[in-house]
Amino acid sequence: MSLQGLQSLLDGILMGGVYALAALGLSLIFGVLKITNFAHGAMMTVGMYVVFALGNDLGLNPYLALPFAMVLMFLIGFLIQRFPIHYIEHAPTHNQLLLTLGMAYILENVLLVIFTPNYQTLTVKGFEKAWRIGSLTFAPAKLIAFGVVIIVTGCVYYLLYMTNTGKSIRASAQNETGAKLMGINVRNIRAIAFGIGAVCTGIAGGLLTPIMSIYPTLGETFQLKCFVITVLGGMGNLWGALVSGLIIGVVESLSGYYLGGSWSEMVIYGIFILILFLRPTGLFGRGNRREN
Amino acid sequence: MLTITDLHVGIGNLKIIQGISLEVRRGEIVSLMGANGVGKTTFMRALSGLGHITGGTVEFEGQDITHATSQEIVEAGLIQVPEGRQLFSLMSVKENLEIGAHTKRAKARMKENLEYVYTLFPELKEMNSQAAGNLSGGQQQMVAVGRGLMADPKLLILDQPSIGLSPIMTQKVLKAVIDIHIRGVSVLIAEQNIHDVLKIAHRAYVLEQGLIRASGTAQEMAENAEIKAMYLGH
């Protein structure tokens, strides 16, 4: 592999990390809560703009702005699940699709009103120059983003598997009746899970702000990619989502380098279709076992 | 301890339970008997806040819980081991048991209750780290009963715990019910397996088409000619 090839492989891994985090959020919402969330991309964009607004208007470092984005995203996620989605939980999937798509339009249009449809870029002091390691170069924002992704993923894992709240989330997802009979407030627990999913997504968005120019409908490009990653990793399989995120990042970057940028999407969806043919439950899917 | 007066429960527009009055006194094992489809599960679910109660009252320890949420009912100490076990199938046996202790009261007595569950079902300790979904039906029923005990019940409701179990497993579960009762927990148990359950119950009610058809002490029921003919097969 040439030096440029190696460079784009590493770039792909770094970007894949951010995809993985966004997909981790969707995996919680789509895979665990079984809500088809078409507002996922828009929620990601909200995360981007919180970091942008705090950085641009108040001069706050993007990584210090992240906690604010997290709080806001948790509230948005919690409230969306607690009120509108709660009432259509057992409705057919297309009802969820319409409702969450409506949410997406509301979020996007609020952003359009506040921030205009123009492309905007956040410049961060000290990030103007790429960092060099040997003959490889790294955009500092991408490298930091990858580090944050690892930390956040670790936290989500700890929360889901080691804490009572996390156990309640998993229990409610696996058997709602059983959870209710043990005294778990399933309605609140689902809202908390949606909130956590939204936080992951918002952080992923916020991490992209120093990397790319943003505009209010940018989330739509990530929407489909997140669904692909979630399905590829196996619905509700959090580790699967992470690995698939990295795979998609690398495939996108390498195919862009070797075949040209316009090919990368085609290669991603081509591989997606191929894998669904060979393993319909995704790369790391548990098979089609019913959980109730 | 549990007083149910003229309870009506529906599913959609269907009236399933059409006026049941039933009582469980402290320290009793009471059995609710009836064939498949007469509404046992609808009735039991309603007691735990998972049904649409259209009339009547449910009183537990002097507290009106007719329209209480399942959380409030669990907190009051009325715990249900549901039909079909409803375990968290991808989680380990230990995790299933731990989740049973969800309320503050149950958490405070978690260690003690876990020890008791392991004495009652020693095999659960060996299967601690296995996913609950991979166990046999009988083992799963033990986990379900154990999970219910972890919630520190004052009254334990068991909805057809012997369904799908071998005769040996059924005996084991019923023996555990006696043990739980000796420990001071009152029990309401729904069963199709009338022959066995009448041996451990103090009193019994027979449910038919959403109404109580007969009730009395276990001995009266076992000697009742009509019940003998319909359910006991001789």
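Tally the residues that are within 14 Å of chain A (Cβ to nearest Cβ), under 24 Å from B:ILE194 (Cβ atoms) and open to solvent by 20 Å² or more (accessible area, probe 1.4 Å), restricting the search to segment B:14-50.
Qualifying residue count for the region: 3.
Does at least one position in segment B:94-116 carry a residue that is more than 8 Å from every other protein chain (Cβ to nearest Cβ), closer than 17 Å to B:ILE180 by Cα and aromatic (Phe, Trp, Tyr)?
yes
Looking at this structure, is B:VAL30 within 17 Å of A:LYS180 (Cβ to Cβ), modelled with pLDDT of 95 or more and of a type outside the set (S, T, N, Q)?
Criteria not met by B:VAL30.
Quick test for you: out of B:GLY133, B:GLY137, B:GLY164, B:GLY146, pick the one residue that is open to solvent by less than 50 Å² (accessible area, probe 1.4 Å) and under 27 Å from B:VAL24 (Cα atoms).
Among B:GLY133, B:GLY137, B:GLY164, B:GLY146, only B:GLY146 is open to solvent by less than 50 Å² (accessible area, probe 1.4 Å) and under 27 Å from B:VAL24 (Cα atoms).
Restricting the search to segment A:158-174, which residues are open to solvent by less than 10 Å² (accessible area, probe 1.4 Å) and within 8 Å of chain B (Cβ to nearest Cβ)?
A:SER168, A:ALA171
Quick one: B:GLY56 ticks every box in (1) within 14 Å of another protein chain (Cβ to nearest Cβ); (2) touching a strand residue (DSSP E or B) at 6+ places or on another chain (Cβ under 7 Å); (3) at positive phi bar one, so which box is it?
Unmet condition: (1).
Residue check, B:LEU120 against (1) open to solvent by 10 Å² or more (accessible area, probe 1.4 Å); (2) closer than 22 Å to B:GLU191 by Cβ; (3) out of contact with any Gly (no Cβ under 8 Å at 6 or more places or on another chain); (4) away from chain A (no Cβ under 14 Å), all met but one. Which one?
Every condition holds for B:LEU120 apart from (3).
Looking at segment B:67-92, I want the residues that are more than 8 Å from every other protein chain (Cβ to nearest Cβ) and open to solvent by less than 10 Å² (accessible area, probe 1.4 Å) and have a partner that is in a loop (DSSP other than H, G, I, E, B) and of a type in the set (Asp, Glu) with Cβ atoms under 9 Å, at least 6 apart or on another chain. Which pairs are those?
B:GLY77/B:GLU61; B:GLY77/B:ASP152; B:LEU78/B:GLU61
How many residues does segment A:53-75 contain that are open to solvent by 10 Å² or more (accessible area, probe 1.4 Å) and over 15 Å from the mean Cα position of the chain (by Cα)?
Number of matching residues: 16.
As an exercise: evaluate A:GLY183 against (1) assigned to a helix (DSSP H, G or I); (2) more than 20 Å from A:GLY77 (Cβ to Cβ) and give the number of the one condition it does not meet.
All conditions pass for A:GLY183, except number (1).
With respect to the numbered conditions (1) more than 14 Å from chain B (Cβ to nearest Cβ); (2) open to solvent by 30 Å² or more (accessible area, probe 1.4 Å), which one is the sole condition not fulfilled by A:ASN185?
(1)
Could you list all residues from segment B:1-13 that are open to solvent by less than 20 Å² (accessible area, probe 1.4 Å) and of a type in the set (Val, Ile, Thr)? Spell out how you get there, then give the answer.
Looking only at segment B:1-13, we keep the residues that are open to solvent by less than 20 Å² (accessible area, probe 1.4 Å), and these are B:2, B:4, B:7, B:9-10.
Selection gives B:ILE4, B:VAL9.
Does segment A:242-249 include one or more residues that are within 14 Å of chain B (Cβ to nearest Cβ), over 26 Å from A:ALA104 (Cβ atoms), in contact with a Gly (Cβ under 9 Å, 6 or more places away or on another chain) and open to solvent by 20 Å² or more (accessible area, probe 1.4 Å)?
Checked segment A:242-249: no residue is within 14 Å of chain B (Cβ to nearest Cβ), over 26 Å from A:ALA104 (Cβ atoms), in contact with a Gly (Cβ under 9 Å, 6 or more places away or on another chain) and open to solvent by 20 Å² or more (accessible area, probe 1.4 Å).
Take A:ALA139 and tell me if it is under 21 Å from B:GLY148 (Cα atoms), open to solvent by 10 Å² or more (accessible area, probe 1.4 Å) and of a type in the set (A, V, I, L, M, F, W, C). Break it down stepwise before answering.
On the way: under 21 Å from B:GLY148 (Cα atoms): no; open to solvent by 10 Å² or more (accessible area, probe 1.4 Å): yes; of a type in the set (A, V, I, L, M, F, W, C): yes.
Criteria not met by A:ALA139.
All but one of (1) farther than 22 Å from A:ALA20 by Cα; (2) surrounded by 16 or more Cβ atoms within 10 Å (Cβ to Cβ) hold for A:TRP131; state the number of the condition that does not hold.
Answer for A:TRP131: the failing condition is (2).
When you look at B:THR54, is it under 18 Å from B:VAL206 (Cβ atoms), open to solvent by 20 Å² or more (accessible area, probe 1.4 Å) and out of contact with any helix residue (DSSP H, G or I) (no Cβ under 8 Å at 6 or more places or on another chain), yes or no?
Working: under 18 Å from B:VAL206 (Cβ atoms): no; open to solvent by 20 Å² or more (accessible area, probe 1.4 Å): yes; out of contact with any helix residue (DSSP H, G or I) (no Cβ under 8 Å at 6 or more places or on another chain): yes.
No.
Would you mind stating whether A:CYS155 is open to solvent by 50 Å² or more (accessible area, probe 1.4 Å), in a helix (DSSP H, G or I) and either away from every other protein chain (no Cβ under 14 Å) or closer than 24 Å to A:GLN81 by Cβ (or both)?
Here the answer is yes, as A:CYS155 does meet what is asked.
Count, please, the residues in segment A:201-221 that happen to be under 14 Å from A:GLY249 (Cα atoms) and open to solvent by 10 Å² or more (accessible area, probe 1.4 Å).
Result for segment A:201-221: 1.
The values are calculated or read from the model by the stated rules, or taken from the named source; none is laboratory data. Bear in mind the structure is a predicted one, so any value in this text is a computation, not a measurement. No Cβ is skipped: glycine too gets one built from the backbone with ideal geometry, and neighbour counts run over all protein chains shown. Each accessible area value is taken on the protein alone, full model and side chains, heavy atoms only, with ligands, DNA and RNA left out. Shrake-Rupley method; radii C 1.70, N 1.55, O 1.52, S 1.80 Å.
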